[in-house]
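Report on the structure given below.
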Amino acid sequence: MIEYYEQLSEEEQDDIKHVIQTLYRQTFLLERKFEKRTGRMVPVREYRVCSKHREFLEEYFAVAGITLQENLHMGVMYIQGETLWGEKLSRLATIYILVLKLIYDEQMSTVSTSVNAMTNLSEIHEKLNTYRLLKKQPSNTEIRRSLALLKRYQIVEPLDVLDELDGFSRLVIYPAIHVVLLGDDARALLNTFSEGDTEDDEPEI
């Protein structure tokens, strides 16, 4: 394994380091992301690097009891293992993820040629109200902060400027949401929140 790595160019070694760091930080890589400049989905370099050096990376993660998986249909490569720990998220970011997963599943259940889903803030907040998850309307600052976090971790891609949020602000939901949370888990957690979990703690997911 080490011999393979040492035979690579310095650039390729740096690419692998970056991929490993990204996988540890967010546990998955997307094959394609939305590019605002061109208005279309474009290939992600890290995914190509991971595919090219997959055998090495599988052996590397296996040392720590972690497996590297790929969902070809969704275009997602991800790692799984008991030693992985998620980042603590704010309550609002957490329930956004839960609702986004429900919206994603609903759209994927219809006939669609895309693995990505589209939504907007109004639809998200309507579902939050349906599940009685909000005691009060979050401030625009809280909403922007939560969406910026989900964008950083490649769960959503805001199509409109975050500083100009309104109910029509559109979001692409990436298939990574499927890796982050299973549909049944999302519904179970939503029920937990709606049964009286109103503290502003910071759950882990």
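Taken together, the values in this text are just the output of simple stated rules run on the coordinates, not laboratory data. These figures come from a predicted structure and were not determined experimentally. Counting neighbours? That spans all protein chains shown, and the Cβs are built from the backbone with ideal geometry, glycine included.
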Magnitude of the Cβ-charge dipole (Lys and Arg +1, Asp and Glu -1) of the range 1-60 about the Cα centre, nearest 20 debye, reported as 740
Computed about the Cα centre, the charge dipole of the range 88-136 from +1 Lys/Arg and -1 Asp/Glu charges at the Cβ has a magnitude in debye, to the nearest 20, of 440
Ordering 147-159, 53-65 by per-residue average of other C-beta atoms within 10 angstrom, highest first, gives 147-159, 53-65
Of the range 5-32, those with amide N under 12 Å from the point 7 Å along the Cα→Cβ vector of Gln69 are 28
Using alpha-carbon positions, the gyration tensor of the range 86-181 gives root eigenvalues a ≥ b ≥ c; with a/c under 1.5 called rounded, otherwise prolate if a/b exceeds b/c, else oblate, the class is rounded
With a 31 Å threshold on alpha-carbon distance, the violating pairs from Lys52/Lys127; Lys33/Lys127; Lys33/Lys88 are Lys52/Lys127
About its Cα centre, the range 66-183 carries a charge dipole, from +1 on Lys and Arg Cβ atoms and -1 on Asp and Glu Cβ atoms, whose size in debye to the nearest 20 is 440
Square roots of five times the C-alpha gyration tensor eigenvalues of the range 6-151, ordered largest first and given in whole Å, equal 32, 18, 15
In this structure, the FRET efficiency calculated for Glu10 and Arg152 from their beta-carbon separation, with R0 = 25 Å, to the nearest 0.05, is 0.35
The farthest towards the positive end of the charge dipole of the range 1-109, of the residues Val63, Val44, Ile20, given +1 on Cβ of Lys and Arg and -1 on Cβ of Asp and Glu, is Val44
Note: probe point = Cα of Glu106 + 7 Å toward Cβ; backbone nitrogen < 17 Å; residues of the range 132-154 passing the test are 132-134
